[in-house]
Amino acid sequence: MRPQSNTTTTTNINTFSDPSFSSSIHRRITTLSNHLLNPHMASDNQSISVSPTASSHSVFAHLLPAPEDPILGVTVAYNKDPSPVKLNLGVGAYRTEEGKPLVLNVVRRVEQQLVNEASRNKEYLPIVGVADFNKLSARLIFGADSPAIQENRVTTVQCLSGTGSLRVGGEFLARHYHERTIYIPQPTWGNHPKIFTLAGLSVKSYRYYAPATRGLDFEGLLEDLGSAPSGSIVLLHACAHNPTGVDPTPEQWETIRQLLRSKALLPFFDSAYQGFASGSLDIDAQAVRLFVADGGELLLAQSYAKNMGLYGERVGALSIVSKSADVASRVESQVKLVVRPMYSNPPIHGASIVAAILRDSDLYNEWTIELKAMADRIITMRQQLFDALQSRGTPGDWSHIIKQIGMFTFTGLNAEQVSFLTKEYHIYLTSDGRISMAGLSSRTVPHLADAIHAAVTTV
Ligand code: PGU
């Protein structure tokens with residue numbers, strides 16, 4: 001008997017020599033080549049069945065074009081403008097006097113060191129990120145002598161910059177906290193309501209800004225938070241409120257703290273500008289430290305985008321301060337369950353830069369000097385813009401430009417005036433009239449002042 005395999009071969013040869021089989025192969029090849037050349041030409045009875053994804057009709061054909069992001073979309077529009085005098089004051093990103101993005105010297109130096117360290121590898125980080133980065137980040141915001149840190153009541157998890165930290169914190173609360181409502185200031189950074197809604201929280205707002213005085217609506221804030229259901233979450237900007245540039249005074253912070261604690265409201269701080277408001281990392285952390293000092297619980301999202309200029313490195317942290325070390329460690333175990341299916345673990349590079357700077361006193365001092373220089377340049381821009389409007393006799397009280405703090409001025413220009421600035425002067429800003437002072441320079445202040453003057457006198 002022949003072995004089985006030979007039998008098979010014989011059979012195959014026989015099949016190929018079968019005229020009916022070879023013509024069927026010919027038919028299939030012809031159909032396939034017709035289909036590949038022009039899928040629509042294949043006759044019905046010969047065609048390979050066309051799957052929905054191969055059809056010319058897209059399964060996404062029903063989608064409407066989504067609008068650009070209200071902040072990041074300003075940069076998209078700016079990039080398309082060919083004008084040589086165009087000016088981007090939309091996104092909150094620091095620019096030098098020459099209008100260029102800035103990489104801090106201390107960051108460049110540390111990056112060189114990291115590249116030269118042969119022992120460094122690209123292994124996955126733990127879910128919670130770089131351990132040293134987490135410890136040092138908590139110390140930076142809460143203070144080296146913070147009792148909460150000393151008592152191991154702080155859980156810190158490296159996240160994807162401020163946005164990622166807010167989102168992880170929001171999802172953690174939606175899963176484990178008994179109240180699902182978060183109160184955010186009106187107005188606030190435009191991404192806040194979207195982040196918290198998608199995290200599974202219900203978003204309400206509290207009064208924050210009084211357009212008439214261009215200052216804090218302190219009465220409105222106390223009234224709205226005073227009538228919030230006990231246990232609600234309250235989002236607070238740690239300093240340099242975005243977009244208004246209006247912060248509570250230390251006395252007002254103390255009143256807010258007492259109100260929140262007396263009603264068992266849970267504070268969730270967003271700290272995206274530590275060091276940018278006053279130029280001092282410690283002064284800008286005062287509100288947060290006031291709340292930690294009373295022994296109560298809170299959440300805090302921290303970003304190194306602005307104060308270390310690490311925007312695109314996406315480096316930040318979520319800290320949760322609990323009542324005891326035991327609770328803090330259980331909190332950490334649950335935060336890990338939020339992170340793991342979302343992005344598994346965070347990236348190494350940015351956190352390694354931050355950890356190196358925070359760990360070494362020389363590098364740290366160098367950083368604080370560069371940070372102060374950025375904050376000071378913004379303050380100078382405030383004065384220059386104010387002076388330029390005064391000298392033009394621009395109608396209105398513009399003193400809020402020098403009173404507001406941080407990266408932004410909430411000009412009070414309305415949407416029509418903003419669109420006039422963009423159309424006639426190629427100046428790009430968000431439609432709420434917010435301008436990033438960090439995007440201005442001595443060279444561009446006169447252009448902006450001319451534009452504002454024209455807008456308020458003609459629109
Ligand atoms: N929280 C506040 C209050 C912010 O202003 C920003 C950034 C963030 C968090 C998030 O910053 P991360 O980059 O995720 O750390 N706001 C800037 C930057 C542009 C944007 O909208 O993301 C802005 O121009 O408002």
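Just so it is clear, none of the values below were taken in a lab; they were calculated from the coordinates. Everything numeric here is computed off the predicted structure, so don't read it as measured data. Ideal geometry is used to build each Cβ from the backbone, glycine not excepted, and the neighbour counts take in all protein chains shown.
Each stretch of four or more DSSP H residues adds -39500 (n - 2.57); spread over every residue of the chain, this sum gives -14500 deg cm²/dmol at 222 nm. DSSP finds beta bridges in the stretch 124-359, and of those with both partners inside it, around 45 percent are antiparallel. Placing +1 on the Cβ of every Lys and Arg and -1 on the Cβ of every Asp and Glu, with no other charges, gives the stretch 124-359 a dipole of roughly 660 debye about its Cα centre. Treating r as the C-beta distance of GLN383 and GLU219 and R0 as 30 Å, the FRET efficiency rounds to 0.50. Distance between the modelled labels on SER227 and ASN345, one decimal in nanometres: 5.0 nm (7 Å Cα→Cβ projection). Local charge for ILE195 was computed over the other residues whose Cβ lies under 15 Å away, with Lys and Arg +1 and Asp and Glu -1, and equals +2. Ranked for footprinting exposure by Cβ neighbours inside 10 Å, fewest first, ARG153, ARG289 give ARG289, ARG153. Based on Cα contacts under 8 Å between residues 6+ apart, the chain shows a relative contact order of 21 percent.
Using 0.36 nm per residue and subtracting the Cα-Cα separation, the extra length available between ASP376 and VAL76 on full extension is 105.2 nm.
With 0.36 nm allotted per residue and the present C-alpha distance subtracted, the SER419-ALA212 stretch has 72.3 nm of extension available.
Assuming R0 = 30 Å, what is the FRET efficiency of GLN334 and PHE60, from their Cβ-Cβ distance, to the nearest 0.05? Rounded to the nearest 0.05, the efficiency is 0.25. Placing a pseudo-label 7 Å from each Cα along the Cα-to-Cβ vector at GLU97 and ASP282 gives an inter-label distance of 3.0 nm.
For the residue pairs LYS323/LYS372; LYS263/LYS372; LYS86/LYS372; LYS100/LYS135; LYS263/LYS323; LYS204/LYS336, alpha carbon separations beyond 26 Å are given by LYS323/LYS372; LYS263/LYS372; LYS86/LYS372; LYS100/LYS135; LYS204/LYS336.
Of all DSSP bridge pairs formed entirely within the chain, close to 50 percent run antiparallel.
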